[in-house]
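Here is the structure we will look at, set down as structure tokens.
Nothing in this text is a laboratory measurement; each read-out follows from the coordinates by a stated rule. All of these numbers come straight from a predicted model, not from anything done at the bench. Note: ideal-geometry Cβ built from the backbone for every residue, glycine included; neighbour counts use all protein chains shown.
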Amino acid sequence: MVWILDLDGVVWLLNDVLEGSKEAIEKIRSMGSDVRFVTNNSVLTVSSYLKKFSGFNIEAHEHELFTSSMAAASLVAPGERAYVIGGPGLLEEVSRVATLVTEEEADDRHAGVDVVVVGWDHRFNFSKLTKAMWAVESGARLIATNSDTTYPTPEGLIPGAGSVVASVEAASRTNATFAGKPNKAIADLVSASIDGEAVMVGDRYSTDGLFASTMGIPFFLVESEVSEEIPRDLPQPVMTCRSLYEIVEAYYSQK
Ligand SMILES: [Mg+2]
């Protein structure tokens, strides 16, 4: 059995670990089950994620981690020229396969960009928007990490990657191909690492719940401020709780 866990809103909230999540993950491991951490947050690099886990004293391994940056990079062909709007995590993953087009190079309307890759970027501005627009107008594909329009922090919601992507889509009059949850690119990466039964735990139905549907596995919902009303005609969560800890306890007490 594999527990696929969303990170923001399930394991932690920005820089605060959520109560009981460490104990829940320990319980999963002690029951002989596996974990995968699957996040649409494209900002952090793999080593920053592992540092964050160890800062919370939570056991986590590189092969267990899947980000929307990895998923976006999986849609870039080796050797392509990529203009990236995003944080260190996205730059790292795309640079593993592609040649990064610099800000200066992208100032040229004809910079020969093959693909524009967009994620969450707190330095997003008009100049980057213009460069992305020109590249797409000149024929570059538009790939995005995720469509989450907001991002939960302890102080409330802030704009998410989806809000950045929406402005690039509007300016370039092109729809992006999304790589993160609930889409196929990240489902393919996670599926390839899993053998047998799995469940998905997340706090956002439109990403985590639909990702569970894409994967064909049950969905457990952790209620948070990003949890939306779930359309009645779509698959409902098997269980709804206030924390990962409650879900894991309830699951194993039923066994
Ligand atoms: Mg979440």
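Projecting the Cα atoms of Ala140, Ala106, Leu157 onto the dipole axis of the stretch 71-178, where Lys and Arg carry +1 and Asp and Glu carry -1 at the beta carbon, places Ala140 farthest toward the positive end.
Relative to the longest principal axis of the Cα atoms of the chain, helix 161-172 runs at roughly 30 degrees. State the Cα centre-to-centre distance between the stretch 98-170 and the stretch 174-213 in whole Å. That distance is 22 Å. Directionally averaged projected area (the chain, Cα convex hull): 13.5 nm². Ranked by the mean number of other Cβ atoms within 10 Å of their residues, highest first, the peptides 91-98, 106-113 come out as 91-98, 106-113. A protection proxy built from the mean count of other Cβ atoms within 10 Å ranks the segments 44-56, 139-151, most packed first, as 139-151, 44-56. The angle between the Cα long axis of helix 21-30 and the longest principal axis of the Cα atoms of the chain comes to about 70 degrees, rounded to the nearest 10.
Separation of the stretch 55-77 from the stretch 217-251 is 23 Å, based on Cα centroids. Ordered by the count of other Cβ atoms within 10 Å of each Cβ, fewest first, Met239, Met200 give Met239, Met200.
Set against the 2.2 N^0.38 Å expectation for a compact globular protein, the stretch 1-114 has a Cα radius of gyration ratio of 1.28. List the aspartates and glutamates whose Cα sits under 15 Å from the Cα of Lys51, skipping any in the same chain fewer than 8 residues away. Reachable aspartates and glutamates: Asp16, Glu59, Glu62, Glu64. In this label model, Asp195 and Arg173 are separated by 5.2 nm, measuring between points 7 Å along each Cα→Cβ vector.
Dividing the helix sum by the residues of the chain, where each DSSP H run of 4 or more adds -39500 (n - 2.57), gives a mean residue ellipticity at 222 nm of -10000 deg cm²/dmol. Simple point charges give the picture: +1 on the Cβ of Lys and Arg, -1 on the Cβ of Asp and Glu, and for the stretch 71-178 a dipole about the Cα centre of about 180 debye.
The angle between the Cα long axis of helix 46-55 and the longest principal axis of the Cα atoms of the chain comes to about 30 degrees, rounded to the nearest 10.
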